[in-house]
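S.K.: Below you'll find the structure I mean.
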Amino acid sequence: MPQGIPVGTWVHVAVVHDYVAKTLALYYDGTMLTTGSIVTEAVVPVVEEPSMWGSSLSAATHVPVSLDNLQIYTGVLTAKQIHKLAD
C-alpha cells in the first residue's frame, strides 16, 4: 500500500477474515498485500450502537478517511471476488 494516498483519490481496501482457517488477508485495489494467521480468538460483537471505523479511542491512531461504501459479508470472499469488487 502506498505510504500516502493523495487527497480525493478513491481506493478499494478489503480485509478478509476466515474464522475457520484462522487467517486474515489485506487487499488494496484488488491485489492481496499480505496474509497471516490469527493466533487468538477474534470475536466480533453484535451491537446496536454506532461502530468506530478508521479510528480507535486513542486520537493518536485516528485515520482521517471518508467511507463511500462499507460492505460486510457473512462468508469468506475469494481473491477473484475481491478483485471483481475493486474494479
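Every read-out reported here was derived from the displayed coordinates using simple, explicitly stated rules and does not represent laboratory data. Here the structure is a predicted model, which means the values were calculated and not measured. Using ideal geometry, Cβ is built from the backbone for each residue, glycine included, and neighbour counts are taken over all protein chains shown.
S.K.: Please list, in chain and number order, the residues 5+ apart from ILE38 or on another chain whose amide H is under 5 Å from its amide H, with Hs placed from the backbone.
M.R.: THR23, LEU24
S.K.: Still on this structure, I have one more. Take peptides 69-78, 26-35 and line them up by average Cβ neighbours within 10 Å, highest first, as a rough protection proxy. Display every interim value, and only then the final one.
M.R.: Working: 69-78: 9.0, 26-35: 14.6.
Per-residue mean Cβ counts within 10 Å order the peptides as 26-35, 69-78.
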